[in-house]
Amino acid sequence: MGLLNPRALRWKIAALVAAACCAVAAVVGFLVHDATRERGLRVGQDRTLTRLVAAERELSRTGTPPPDVDVRPRDELPDPLARDLAEQERSEGGFATWYDAQPPNWYWMWGAVAVGDDQVLVVRHDMSTEVRSLQLLDRSIVKAVLAALVFVVPLAALATEPINRRLRRGARTARRIADGDLDARIGSAGRARDEITEMSAAVDDMATALQRKLENEQRFTADVAHELRTPLMGLSTAAGLLPETDEATRLVRDRVRALNALVEDLLEISRLDAGAERARPDAVPLGELVTDVVRRTGTETRVTAGDAALVETDPRRVERIVVNLVTNAHRHGAAPVEVTVTGARIVVRDHGPGFPPALLDEGPQRFRTGASERGRGHGLGLTVAQGQAGVLGARLTFANAPEGDGGGAVVTLDLAPGAGPG
């Protein structure tokens, strides 16, 4: 997974860390902002009250208030200040304050004290300095959070790299197992004892159990096929001694041939499963090879090989694949059966009911033909063909022709899958 992929686990963890940092910073910033604002208001009130007390003393001593203090009638006071002064007088406090804030440029702390029946000393203290200090504090908090995120997010991404590396290793191992490497294991890395270690151990245990089960099945298939060969040889010999003109003889010999083919297919599959098969490549004219192979099948199959190429491949295995595909097309499809060779690509098509959806989705399954309309059989022909294609490093694909084009099953053997169209 790419380093800059936003869906990668490292960036999701980094985003969670960043969100947590922002949440903590927001809470701390709010508390600091609120505490600083309250402190600024208290300082403004204290300074306002200090000036009121000094002004009241100056007025009582000289009869004249200081120049920066007003003497106003009660009815000229702002309503909030007048209400607070009335409450203070009822509680015998005397001094009233009011914070007059009208953003963005009007911040005053008012103070008032009655000096007569209808006269009030009024003081105004400019709170702009405290407000600007609070705004600077807020900006400083935001800048500090952003600067912290610049370091925290990459550090969080780097801190998760060991976890990502272990997960990628597990994913690569799982893919190797899925591709057939049953000896692949994740193993334990370091001394970590966490959920990833548990998952890795579970995957390794699963791979070991799967390998043991598959090996037992392969051994059983090979043993059964080998054990059947000896009685089949005797049965074939006995069938050869039967009278030639007897209908029962023809039926027995046909069944013996079918059983013998089944045993040979089982042996071939067991060798393919065990990885014992090795290709012996040689330069062969693919068109001539396919034409000769189809001719020897004894079936009515149309071959088009005008654009065939000289291909480096194992001719015996190509022959095995083509025979199986052509035989399967005649047995389970419908005429006409066509074989087209283009470059290094072989296409076998019939005009029958086509492949069932299960085969197209999952590929050939041994001992399963997939659909009753495609006839009966043990379902090993396509499985053998697919296994031999794997030995050749070729690609075998299954599809159905469009209904408007006559329908039918289409199998494509590409002997040079990395070379593009033939």
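Inside the range 139-180, residues that are of a type outside the set (Lys, Arg) and touching a Ser or Thr at 6+ places or on another chain (Cβ under 9 Å) make up a count of 2. The residues on offer are Ile186, Ile196, and the sole one that is at negative phi and not in a helix (DSSP H, G or I) is Ile186. Glu338 falls short on exactly one of the conditions (1) touching a strand residue (DSSP E or B) at 6+ places or on another chain (Cβ under 9 Å); (2) at pLDDT below 85, and that condition is (2). When the range 184-223 is filtered for residues that are modelled with pLDDT of 85 or more, of a type in the set (A, V, I, L, M, F, W, C) and open to solvent by less than 90 Å² (accessible area, probe 1.4 Å), the ones remaining, listed by number, are Ala184, Ile186, Met199, Ala201, Ala202, Val203, Ala207, Ala209, Leu210. What about Val53, is it modelled with pLDDT of 90 or more, open to solvent by 40 Å² or more (accessible area, probe 1.4 Å) and within 12 Å of Leu121 (Cβ to Cβ)? Spelling it out, Val53 is indeed modelled with pLDDT of 90 or more, open to solvent by 40 Å² or more (accessible area, probe 1.4 Å) and within 12 Å of Leu121 (Cβ to Cβ).
Would a scan of the range 80-101 turn up a residue that is in a strand (DSSP E or B), surrounded by fewer than 14 Cβ atoms within 10 Å (Cβ to Cβ) and at pLDDT 90 or above? Yes, some residue in the range 80-101 is in a strand (DSSP E or B), surrounded by fewer than 14 Cβ atoms within 10 Å (Cβ to Cβ) and at pLDDT 90 or above.
A single entry from Arg61, Arg42, Arg47, Arg72 fulfils the requirement of being touching a residue at least 40 places away in the same chain (Cβ under 8 Å), among the charged types (D, E, K, R) and in a helix (DSSP H, G or I): Arg47. Kindly provide the set of residues from the range 339-367 that are in contact (Cβ under 8 Å) with a residue 12 or more places away in the chain, charged (D, E, K, R) and open to solvent by 60 Å² or more (accessible area, probe 1.4 Å), ordered by number. Passing the criteria: Arg345, Arg366.
Hey, among the residues in the range 193-222 that are free of Cβ contacts under 8 Å to residues at least 12 places away in the same chain and among the small types (Gly, Ala, Ser), which one's farthest from Arg166 (Cα to Cα)? The selected residue is Ala209. Go through the residues of the range 227-242 one by one and say whether even a single one is closer than 25 Å to Asp183 by Cβ and part of a helix (DSSP H, G or I). No; the residues of the range 227-242 include none that is closer than 25 Å to Asp183 by Cβ and part of a helix (DSSP H, G or I). Would you confirm whether or not the range 315-324 contains a residue that is surrounded by fewer than 19 Cβ atoms within 10 Å (Cβ to Cβ) and farther than 23 Å from Gly390 by Cβ? The answer is no; no qualifying residue exists. Taking the listed residues Val263, Val326, the one that is part of a helix (DSSP H, G or I) and either modelled with pLDDT of 80 or more or of a type in the set (S, T, N, Q) (or both) is Val326, with no other qualifying.
The set of residues from the range 166-224 being more than 21 Å from Ser270 (Cβ to Cβ), in contact with an Asp or Glu (Cβ under 8 Å, 6 or more places away or on another chain) and among the hydrophobic types (A, V, I, L, M, F, W, C) comprises just one member, Ile186. For the range 171-183, how many residues meet the condition of being open to solvent by less than 90 Å² (accessible area, probe 1.4 Å), of a type outside the set (Val, Ile, Thr) and over 14 Å from the mean Cα position of the chain (by Cα)? Matching residues across the range 171-183 total 5. The residues of the range 327-338 that are buried (at least 23 other Cβ atoms within 10 Å of the Cβ) and within 19 Å of Gln388 (Cα to Cα), listed by number, are Asn328, Ala329.
The values are calculated or read from the model by the stated rules, or taken from the named source; none is laboratory data. Keep in mind it's a predicted model, so treat the numbers as computed, not measured. We place every Cβ from the backbone using ideal geometry, glycine too, and count neighbours over all the protein chains shown. Ligands, DNA and RNA are stripped out before the accessible areas are found, and what is left, the full protein with its side chains, is counted by its heavy atoms. Shrake-Rupley method; radii C 1.70, N 1.55, O 1.52, S 1.80 Å.
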